[in-house]
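Visitor: Take this structure first; my questions come after.
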Amino acid sequence: MKYENNWESLNSRPVPEWFEDAKFGIFIHWGLYSVPAYTTKGQYAEWYQYQIQEQPEQGAKEWHDKVYGEDYKYTDFVDGFRAELFDAKQWAELFRRSGAKYINITSKHHDGFCLFKSDYAWNWNSMDVGPHRDFCMELKEAMKDTGVRFGVYHSVYEWYHPLYLKDPEEYALKHLHPMLKELITKYEPSTLFTDGEWSHPSKVWHSTEFLTWLYNESPVKDYIVPNDRWGKETRGRLGGNFTTEYGYIEEGRKIEDVELDRPFEECRGIGKSFGLNRIETTEDYLSAKELIEMLVELVSKGGNFLLNIGPAADGTIPVIMEERLLQIGEWLSVNGDAIYGTRLYTKKPQKDTYYTKKGDKVFAIINRFPFGSITLDEIPYEEGIRARLLSHDAMLTAENDGGKLRISFPAINPDEVKCQYLYAIEITK
């Protein structure tokens, strides 16, 4: 099918099914901001340049001047972005073990610095300066044969690009579009998470023109998943999958406020920032249980979870972030059938018990140890219905509780259960 250069036509393209099946992805915010790796708590550390140049009241500038000196420019952080311990294969193996099915790495954030070799960012990319490495290509190659798809984040604007400051529309046509086409053609990502679109409507960015090329002519036209960040009017309305960030699709508007006609994806950090913020403590980080429950809740609503990590400037992933990813992976290795490839079962609000479905199976994921009995209010009782735990071989009893399905559990030794935190029950009619 050929898509036309208008939103009605472009919105008719279905989100490729692989994305709706994947459910769990990893966001990677890494760049020059990873050198200071600092902001006041609750702020985004990847906005460090903007904070020290435009928002001194937030505190980052005072800290910067004290630590680096008033004459030390953001661009000077290139010297500290060495990535001397970066190992793409090590990252790829961690992502595989986490149970994620795709990643999005910041090919370019709002500071304009690229983690790939670009003809449109001369001397402002990781091949020309700093570590002299093409991180996007290294990671893409390492992801092969892992079962985890390679994807990219790309900011549509740049805070201090001269052409953007002069004329955003000219910038879009002469800088943004050529760079995006270069990125897509050379690296063939499965996802394109754009961002930074909020200052102008999509017509200024010429978004429909680019998406028409992406859907009709690009080498990834059959499988790429772009998002909905294409202009100040587009989030939750136009584009590919819908995106939320720390629960909000845009300021004051949550995903519950949107009548969904396509998959959505929640992105957030394990802590309060996307880029690494060294002053965050364990109290600022979500626990494994909280992250797993967040994943389950999002999937039960028909969504995906894009969980962010912020590597250090030396290329290492903080141990607490590695641990969280591995804990999620351990849970998914047992309960993945209740997550991957599932679809929305009910639109009713769910709490403590979450439902998904796949073919003729329904999954109930309960937020307590399987002890005694539980009535699953969203599943009607039928003769011959069968139930089993994914994490234990105990025989479960299916009973009628006023027309609803009640599951009774035998005494189960917790040491013999193959997972912690949440427990998935497979129900077959």
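We did not get these values from a lab; they are worked out from the coordinates using the rules stated. All figures in this text were calculated on a predicted structure; none of them were measured in a lab. Backbone-built Cβ (ideal geometry, glycine too); neighbour counts: all protein chains shown.
Visitor: Between segment 33-52 and segment 252-268, what's the alpha-carbon centroid distance in Å?
Guide: So the two Cα centres are separated by 27 Å.
Visitor: A follow-up question, please. If you count, for each residue, the other Cβ atoms within 10 Å and average over each peptide, how do 163-169, 51-57, 299-305 line up from highest to lowest?
Guide: Numbers: 163-169: 14.1, 51-57: 15.9, 299-305: 22.4.
Listed from highest to lowest mean packing, they are 299-305, 51-57, 163-169.
Visitor: Report, to the nearest 10°, how far helix 177-187 tilts away from the longest principal axis of the Cα atoms in the chain, using its own Cα long axis and a range of 0 to 90°.
Guide: Helix 177-187 sits roughly 60 degrees off the main axis of the chain.
Visitor: Within a Cβ distance under 12 Å of residue 283, other residues only, what is the Lys/Arg minus Asp/Glu net charge?
Guide: 0
Visitor: Any chance you could check the Cα centroid distance between segment 114-154 and segment 390-429 for me, in angstrom?
Guide: Here the two parts' Cα centres lie 46 Å apart.
Visitor: Straight-line reach from residue 418: which lysines have a Cα under 18 Å away, not including same-chain ones fewer than 8 places off?
Guide: Result set, ordered by chain and number: 289.
Visitor: If contacts are Cα pairs under 8 angstrom and at least 6 residues apart, what is the relative contact order of segment 109-190 in percent? Display every interim value, and only then the final one.
Guide: On the way: 88 pairs, mean separation 25.7, N = 82.
Value for segment 109-190: 31 percent.
Visitor: On to the next question. When only Cα pairs under 8 Å and 6 or more residues apart are kept, what is the percent relative contact order across the chain? Display every interim value, and only then the final one.
Guide: Details: 871 pairs, mean separation 74.6, N = 429.
Relative contact order here is 17 percent.
Visitor: Continuing with the same structure: Within 10 Å, count the other beta carbons around each residue, average over each peptide in 104-110, 280-286, 375-381, and list them highest first. Spell out each step's value before the answer.
Guide: Values: 104-110: 26.1, 280-286: 13.6, 375-381: 16.7.
Most protected by this proxy first, the peptides run 104-110, 375-381, 280-286.
Visitor: Moving on. Hey, what number do you get for the chain at 222 nm if only DSSP H runs of n ≥ 4 count, each worth -39500 (n - 2.57), divided across all residues, to the nearest 500? Let's see the in-between values first.
Guide: On the way: 13 runs with 110 residues, N = 429.
The per-residue figure over the chain is -7000 deg cm²/dmol.
Visitor: Another one. Suppose we take every Cα in segment 345-428 and form the convex hull; what volume per residue is that in Å³?
Guide: On the way: hull volume 7.7 nm³, N = 84.
Roughly 91 Å³ of hull volume per residue.
Visitor: I would also like to ask the following. Using Cα atoms only, what is the angle between the long axis of helix 88-98 and the major principal axis of the chain, expressed in degrees (0 to 90) to the nearest 10?
Guide: For helix 88-98, the angle is close to 30 degrees.
Visitor: Provide the packing ranking of 80-86, 217-223, 30-36, i.e. peptides ordered by the mean count of other C-beta atoms within 10 Å per residue, highest first. Please report the intermediate quantities before stating the final value.
Guide: On the way: 80-86: 16.4, 217-223: 14.0, 30-36: 26.6.
Descending mean neighbour count gives 30-36, 80-86, 217-223.
Visitor: How far apart, in nanometres, would the label points at residue 377 and residue 256 be if each is projected 7 angstrom from Cα along the Cα-to-Cβ direction?
Guide: 1.5
Visitor: Here is a further query. Over the chain, with a Gaussian network built from C-alpha contacts below 10 Å, which listed residue (147, 59, 402) shows the highest mean-square fluctuation?
Guide: 402
Visitor: Suppose a student asked you for the relative contact order of segment 25-148, using Cα pairs under 8 Å spaced at least 6 residues apart; what percent would you report? Let's see the in-between values first.
Guide: Details: 149 pairs, mean separation 34.4, N = 124.
Relative contact order of segment 25-148: 28 percent.
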